[in-house]
Amino acid sequence: MIQILIDTLIRTSDLALIALGLSLSYGVSRFPNVAHVEMAPLGAAVALAVAALFPAGGLVGAAIAGALAAGLAAMLLHRFAFERLAAVGPASALIGSLAIAMMLRAGLQAVFGTRPQQFDTPLTPPHDLWGAILSDLQIAAIVITAVCLIGFFAMLRLTPLGRSIRAIAANPALATASGIDARRVTLVTVFLGGTLAGTGGILLALVTQLDIGMGQMLLLPVFAAAIVGGLGSLPGAVMGAFAIALAETLVMRIDFGLLAGEGPRYLPLGYLTGIGFALIVVTLVYRPEGLLSRGGRRA
Amino acid sequence: MLSAHDVTRSFGGLTAVNHVSLEIGAREIVGLVGPNGSGKTTLLNLLSGFLAPTSGEIRFDGTAVSARRAWQPSRLGLRRTFQLPKLPARMSVLEVMLAGGRLPAGASPWRSLLTPGAVRREEAAFLDKAMGLLAEVDLAGLADHPAGGLSGGQQKLLGLAAALMDDPAVLLLDEPTAGVNPSLRRRMADHLRRIREGGTALVIVEHDMGFIGDLCDRCLALDKGAVIANCRPDELSGNQQVVEAYLGRRRPGVPLRVVAGGTAGAKSSGARA
Amino acid sequence: MLEFCLHVLIMSAIFGIAAVSLNLQAGTSGLLNFGQIALFGIGAYAVAILTRAGLPWPAALLAGMAAAALGGFAIGRLGRDLAAEYWALATLAVAELVRLVALNEDWLTGGPQGIGGITGLFPGLDGPARALATLALAAALLLATALTARRLGETQFGRVLRLMRENPDLATALGHDIVACKVKVLAIGGAMAGLAGGLYTLYLAFIGPDQLLPFETFLIWTMVVLGGLGNVAGAVVGALLVTTLYAGIPFLKDIVALPSDLTGSLRVFAIGSIVLAALMLKPQGLVPERLRRLHAQRP
Ligand SMILES: Nc1ncnc2c1ncn2[C@@H]1O[C@H](COP(=O)(O)OP(=O)(O)OP(=O)(O)O)[C@@H](O)[C@H]1O
Ligand SMILES: [Mg+2]
């Protein structure tokens, strides 16, 4: 039982920051940016490179550099590609973001190679928490994710920037009319979204390893989280990440054979990645505004 | 022909159409007036099946209008136009006209492929009809131009002409004369009268009181979603409620010229928009 | 060299069919199908399974088309009133689910190894003669598909599809049931994609889950966007260009001495940059959709 909760929390912390960044960018730019998830391996790869080149900076310095690099990349992409594509229409922006995601992945692979790499972190024995197994790094990842989330939502509630972001997400025209420089705030927001995704990628790489192809693995679960929570809804993205994580954990551990009164039968492991996809489909079909949100987006 | 029974529609906390009942008879021309945001477009959306009422029922020609089959009323002879037509940029004027026609052979993928003869004959007949209707609104010369490239007023005219391709029994028009120049506006009134002679009932949302007074048999005035008057157009200016809806509470010394002033109502409400 | 040219031409014709199909859905009707490869894959697997069971290839091809048409019908029903970008994400997820089934249901699909050893086309011939005969068949089917798509685009059916693409409310107001139109065009597009997939299986005598990666959908999108959305000829031109480029890139490494594990990345990068450049510089594509001047064409 505890193990299920712990597994869910670990998976949530994998997804939450990236999904939050996605929803945040969606709120101001109004198209689902597929290239967003590539900010995760980008941030992790930069952090790894910085850690190797400047060991004096320490792991924290490298992680900050990686997260900032991811934010910067997201902002530049928005400024030089998506602003223009989004002007043509959300469809062009969506296709363009797919193209950019492919290019980023290929570029990262060319620069950093395809072999998984690891951060140089001290190996510590795992803890036994009421029967659940948990490593120091996993605890750190969960805590850092929580701190980032709290810090982010505090920023959103309490600072002028946060107010501007919420104003633009709610109604860009009105926000502009009331004197907010929509373009600048959008760029800053996209930067924040990229930073969040980069941080998520770095944590993921810290806990397991840096797989340059992680964007591909993350794409559908992260979109599933954001969609289940309602694209554009920020608390929704976090709850969506938790929902996806819980669903994945549960489905893997439920003994379907027992339910059907037969011998032990689990869902084949190969379908694990399918849960996110299935949830996307189910959500979109039955509640396109998000399972956890109000206000529709039907055609 | 078309009737609404106690129809209400709210958006969240806002009630855009509030307990409206109405009845449109065959060949009638009914004006629908009211200040901006009074719920005219919403009522039109409800009548044409584009929106589902929160409560109440709409019937056309005996059958219930359902928003789950918004395309159906149009096939049964209830057609509408839009306040903002937003016509396609990559289709020609004539193509939009044909899309308004009923071409069963061409509309079926199988018959498109297997019976080219029937498709051609059907298309030829509707092309003639389309050119005739376009000539009535001065657009025949632009038949091969992109529909989305027309001016705002021309787009409204094309929207109207396309709706006429199927000889509807009831036609709901949302501000047909907005952006149309005065001389064409007069001809449009004649045109709409001829359409009525042809057997079509018209519901016209308008801010131009002159146009309404000229054309309509009867007028419905809306304010905040409720019907506040149902009378002849020339009786509107005598209706205290209507005057207040347009001009706010009457102040001493403000002349009342809702109808006589032609567009006084449109101007005052335009200033509020 | 001759063999290579024939191979490129055959692949161009096969993917040309898939591109014409996508063009009918996305270009003519505005349906952003990011799961095109699933329809292709349904046809491909159906043909593999049925020919292995002893059905002659023309019958298997027809059955594959029917199965893929059913698949198109299903995704059309699924998203009947979703906004365009949301539906696009749903199709992406559906395609991944289809691939997961192909990967995991060994008894039917051969699992990760796929299905090989298919008799294929024209077993009586060999060498260039067989390739030529295959090319003739593929080209004839491409021509038939393209003519069908063009015909469907110019009659009332196509007019309504184009109106639905640009202003669905107006199409509804003029009495057109746009959900029915969507479902019809997806079924037709599905049959075409299934035909392409079936030919692919028959030509390569093999089909596996790696042929159904989202990247393949993206490849077909590249063809359509590069050639020109909304124009049948554009889709064919795009298919020829992209297939040639895709097949030609490995030759580059012989010329400029690239390490071979980079060629994969380079391919992906090249395809991504083509799409991006096309979207930003020539959004209408090489062969833009043209206005239909019905009045001038009247007898
Ligand atoms: N889809 C919607 N969601 C929320 N509110 C809506 C919606 N459609 C209309 N409303 C609200 O309902 C009210 C009535 O709007 P409606 O468009 O019917 O007015 P109208 O009489 O046509 O005005 P105008 O003369 O400016 O065209 C307005 O307050 C509007 O904001
Ligand atoms: Mg209105």
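The values are calculated or read from the model by the stated rules, or taken from the named source; none is laboratory data. Predicted model, so just to flag it, every value in this text is computed and none were measured. No Cβ is skipped: glycine too gets one built from the backbone with ideal geometry, and neighbour counts run over all protein chains shown. To get the accessible areas, we keep the full protein, side chains included, count just its heavy atoms, and leave off ligands, DNA and RNA. Shrake-Rupley method; radii C 1.70, N 1.55, O 1.52, S 1.80 Å.
Restricting the stretch B:158-181 to residues that are within 16 Å of ligand 1 (Cβ to nearest atom) and within 11 Å of another protein chain (Cβ to nearest Cβ), which is farthest from B:Gly148 (Cα to Cα)?
Looking at the filtered set, the residue picked out is B:Leu172.
Quick one: which of B:Leu32, B:Leu14, B:Leu46, B:Leu51 is touching a Lys or Arg at 6+ places or on another chain (Cβ under 7 Å), farther than 16 Å from B:Val205 by Cα and within 16 Å of ligand 1 (Cβ to nearest atom)?
Sole residue among the options that is touching a Lys or Arg at 6+ places or on another chain (Cβ under 7 Å), farther than 16 Å from B:Val205 by Cα and within 16 Å of ligand 1 (Cβ to nearest atom): B:Leu51.
Are any residues in the stretch C:54-78 within 14 Å of another protein chain (Cβ to nearest Cβ), more than 18 Å from the chain's Cα centre (by Cα) and in contact (Cβ under 8 Å) with a residue 60 or more places away in the chain, and if so, which ones?
C:Arg77
Within the stretch C:109-121, how many residues turn out to be open to solvent by 60 Å² or more (accessible area, probe 1.4 Å) and in contact with a helix residue (DSSP H, G or I) (Cβ under 7 Å, 6 or more places away or on another chain)?
2
Output the qualifying pairs, or none if there are none: Cβ atoms under 9 angstrom, residues six or more apart or on different chains, first residue in the stretch B:22-42 and free of Cβ contacts under 8 Å to residues at least 60 places away in the same chain, second residue more than 15 Å from ligand 1 (Cβ to nearest atom).
B:Glu23/B:Met1; B:Glu23/B:Leu2; B:Glu23/B:Ser3
Quick check: is even one residue across the stretch B:108-120 under 23 Å from the mean Cα position of the chain (by Cα), within 29 Å of B:Leu76 (Cβ to Cβ) and more than 8 Å from chain C (Cβ to nearest Cβ)?
No; the residues of the stretch B:108-120 include none that is under 23 Å from the mean Cα position of the chain (by Cα), within 29 Å of B:Leu76 (Cβ to Cβ) and more than 8 Å from chain C (Cβ to nearest Cβ).
Is one or more of the residues making up the stretch B:22-39 within 14 Å of another protein chain (Cβ to nearest Cβ), under 19 Å from the mean Cα position of the chain (by Cα) and either open to solvent by less than 10 Å² (accessible area, probe 1.4 Å) or within 14 Å of ligand 2 (Cβ to nearest atom) (or both)?
Looking for residues that are within 14 Å of another protein chain (Cβ to nearest Cβ), under 19 Å from the mean Cα position of the chain (by Cα) and either open to solvent by less than 10 Å² (accessible area, probe 1.4 Å) or within 14 Å of ligand 2 (Cβ to nearest atom) (or both), one finds none in the stretch B:22-39, hence no.
Can you pull out the residues in the stretch C:101-126 that are within 8 Å of chain A (Cβ to nearest Cβ) and free of Cβ contacts under 8 Å to residues at least 40 places away in the same chain?
Scanning the stretch C:101-126 gives a single hit, C:Asn104.
Considering the stretch A:221-246 alone, what residues qualify as being within 14 Å of another protein chain (Cβ to nearest Cβ) and assigned to a helix (DSSP H, G or I)?
Listed by number, the residues that qualify are A:Pro221, A:Val222, A:Phe223, A:Ala224, A:Ala225, A:Ala226, A:Ile227, A:Val228, A:Gly240, A:Ile244.
Checking the conditions here, which among B:Leu127, B:Leu184 is more than 16 Å from ligand 1 (Cβ to nearest atom), on the phi < 0 side of the Ramachandran plot, touching a residue at least 12 places away in the same chain (Cβ under 8 Å) and assigned by TED's automatic domain parsing to the domain that holds B:Glu23?
B:Leu184
Of all the residues that make up the stretch A:25-49, how many are farther than 30 Å from A:Leu174 by Cβ and of a type in the set (A, V, I, L, M)?
Residues flagged as farther than 30 Å from A:Leu174 by Cβ and of a type in the set (A, V, I, L, M) within the stretch A:25-49 amount to 9.
Would you pick out the residues in the stretch A:137-148 that are over 22 Å from A:Pro122 (Cα atoms) and either without any contact (Cβ under 8 Å) to a residue 60 or more places away in the chain or surrounded by fewer than 19 Cβ atoms within 10 Å (Cβ to Cβ) (or both)?
A:Ala146, A:Val147
In the stretch B:43-85, how many are of a type in the set (S, T, N, Q), within 16 Å of ligand 2 (Cβ to nearest atom) and open to solvent by less than 40 Å² (accessible area, probe 1.4 Å)?
3
Looking only at residues in the stretch B:57-72 that are away from ligand 1 (no atom under 16 Å from the Cβ) and small (Gly, Ala, Ser), which one is nearest to the other protein chains (Cβ to nearest Cβ)?
Looking at residues that are away from ligand 1 (no atom under 16 Å from the Cβ) and small (Gly, Ala, Ser), I get B:Ser66.
Which of the residues belonging to the stretch B:180-217 are over 20 Å from B:Met165 (Cβ atoms) and basic (Lys, Arg)?
B:Arg185, B:Arg186 - these are the residues of the stretch B:180-217 that are over 20 Å from B:Met165 (Cβ atoms) and basic (Lys, Arg).
Quick test for you: out of B:Val96, B:Val170, B:Val119, pick the one residue that is under 30 Å from B:Gly37 (Cβ atoms), outside the structural domain of B:Leu43 (by TED's automatic domain parsing) and more than 16 Å from ligand 2 (Cβ to nearest atom).
B:Val96
Does the stretch C:268-284 include one or more residues that are open to solvent by 30 Å² or more (accessible area, probe 1.4 Å), polar (S, T, N, Q), within 14 Å of chain A (Cβ to nearest Cβ) and over 30 Å from C:Thr119 (Cα atoms)?
yes
Which residues, counting only those in the stretch C:171-186, are open to solvent by less than 10 Å² (accessible area, probe 1.4 Å) and not in a helix (DSSP H, G or I)?
C:Leu174, C:Gly175 - these are the residues of the stretch C:171-186 that are open to solvent by less than 10 Å² (accessible area, probe 1.4 Å) and not in a helix (DSSP H, G or I).
Give just the number: which of (1) within 12 Å of another protein chain (Cβ to nearest Cβ); (2) modelled with pLDDT under 85; (3) surrounded by fewer than 20 Cβ atoms within 10 Å (Cβ to Cβ) does C:Phe251 not satisfy?
Status for C:Phe251: all satisfied but (1).
Looking only at the stretch A:82-97, decide whether some residue is open to solvent by 40 Å² or more (accessible area, probe 1.4 Å), in contact (Cβ under 8 Å) with a residue 60 or more places away in the chain and among the hydrophobic types (A, V, I, L, M, F, W, C).
no
Which one of these is out of contact with any strand residue (DSSP E or B) (no Cβ under 7 Å at 6 or more places or on another chain) and surrounded by fewer than 18 Cβ atoms within 10 Å (Cβ to Cβ): C:Leu70, C:Leu22, C:Leu39, C:Leu89?
Checking each option against the conditions leaves just C:Leu70.
Considering only residues that are under 30 Å from B:Ala169 (Cα atoms), buried (at least 24 other Cβ atoms within 10 Å of the Cβ) and more than 7 Å from chain B (Cβ to nearest Cβ), which ones fall in the stretch C:133-169?
C:Gly158, C:Leu161, C:Met164
Which of the residues spanning the stretch A:103-116 are under 22 Å from the mean Cα position of the chain (by Cα) and buried (at least 17 other Cβ atoms within 10 Å of the Cβ)?
Passing the criteria: A:Met103, A:Leu104, A:Arg105, A:Ala106, A:Gly107, A:Leu108, A:Gln109, A:Phe112.
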